[in-house]
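Just below is one structure, and these are the notes that go with it.
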Amino acid sequence: MKRLDYTTRCSVMVRTLSTCLFLLFTAHVVLGYDVNKDLRNLGPPAHDLTVILSGAETVINHYDGYPSGRFQSFATGPVGSNTAMRWDNFRDNDNNIIDTGQTIHVGWSTADHSSHIKDMYWTDSTGQRIRGSVVFNITTGWRYEVAREALILSWRHELVPGEGDPRPILVSNVHMALLPGPVPIEELNAENRMLEEWLQPLPGGESFIVAPGELHELWLPMPPPNTAVVLRYVVEGPQNDFAPQSSAVSVDYVQFIARPPVSQALSPCKTFRATLRRFQCLCSCVRKAASTKRKSP
């Protein structure tokens, strides 16, 4: 019995060290960045949606909606120095119009870990911006503070609408889940009931306002490498006493893989010490488990 316990402990330790070394040497790999949005139209009725991303982005995947309301075509390309994404030909087995109060869903993945929104708006049957339409929206970015073993989530307000002036944006109800692997983009939404159960409120994410050109950050402990970090939060535009100033309210889902870049990685000495601490912690847990097992009748 003792030999079996010893063998098991060694096996666990070897696997743990192998995993740490693998993560250390593969930390430079850049993974995708997934964004999904549930957009509730605040009016007027619309046909399609256009999103402008800040700067040059490589869109490697897209999601076109729920079966109950889906866009039949998608296109992306440069618009000046920025990147446009356009969803067209909406079909919902009704009037094929995004009615006021109706919720639609779109999503995309970019090759790097950024996707800042420059503009977003509803379009009419000719593909033109509906007059006055601005969907005030902001998407999460992140960075690592390795020396403090922290992951810093950020909401940077870069929205410069083609109509009207930039306004403050309200972000609220931020939730987070840490998963062993990424969720497929088509399942990164409110219809994924299991995901909804995993999402937990993030301290400090109850509600905050981001002014134009400003940045809001939330600090949290560094998650284990290769962990899929999933965020869900509500995004709204400014409101006055008469009507909302945004053309939609969005529930955003954002996913990325926790993996510090090499330029911010710990020095070899610090990396070894950090790995050693985790290894010692594992050994301690194994010893406690073995001791408890021996004491049990």
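The values are calculated or read from the model by the stated rules, or taken from the named source; none is laboratory data. What you are looking at is a predicted structure, and each value in this text was computed from that prediction instead of being measured. Neighbour counts run over all protein chains shown; Cβ positions are idealised from the backbone, glycine included.
A single member of PRO168, PRO221, PRO180 is farther than 30 Å from ILE130 by Cβ, at pLDDT below 95 and more than 16 Å from the chain's Cα centre (by Cα), and it is PRO221. Against the numbered list (1) within 27 Å of SER54 (Cβ to Cβ); (2) touching a strand residue (DSSP E or B) at 6+ places or on another chain (Cβ under 8 Å), GLU191 comes up short only at (1). For ASP119, the stated conditions do not hold, so it cannot be described as without any contact (Cβ under 8 Å) to a residue 40 or more places away in the chain, within 19 Å of LEU39 (Cβ to Cβ) and either among the aromatic types (Phe, Trp, Tyr) or in the same structural domain as GLN255 (by TED's automatic domain parsing) (or both). Within segment 167-188, the only residue that satisfies the criterion of being of a type in the set (D, E, K, R) and touching a strand residue (DSSP E or B) at 6+ places or on another chain (Cβ under 6 Å) is GLU186. Each residue in segment 83-119 was checked for being over 20 Å from the mean Cα position of the chain (by Cα), of a type outside the set (Asp, Glu) and either farther than 22 Å from GLU186 by Cβ or part of a loop (DSSP other than H, G, I, E, B) (or both), and 7 pass.
Say we look at segment 151-165 and pick out the residues that are modelled with pLDDT under 90 and among the small types (Gly, Ala, Ser); which of these is farthest from the chain's Cα centre (by Cα)? Per the criteria, the residue is GLY164.
Scanning segment 198-218 for residues that are farther than 27 Å from PRO161 by Cβ and surrounded by 12 or more Cβ atoms within 10 Å (Cβ to Cβ) turns up TRP198, LEU199, LEU202, GLY204. Every condition in (1) of a type in the set (Gly, Ala, Ser); (2) in contact with a helix residue (DSSP H, G or I) (Cβ under 9 Å, 6 or more places away or on another chain); (3) at pLDDT 95 or above holds for GLY205 except the one numbered (2). Residues in segment 55-95 that are closer than 22 Å to GLY132 by Cβ and touching a His at 6+ places or on another chain (Cβ under 9 Å) were compared, and the one that is surrounded by the most Cβ atoms within 10 Å (Cβ to Cβ) is TRP87.
For segment 120-150, residues that are under 21 Å from PHE208 (Cβ atoms) and either of a type in the set (Val, Ile, Thr) or assigned to a loop (DSSP other than H, G, I, E, B) (or both) total 7.
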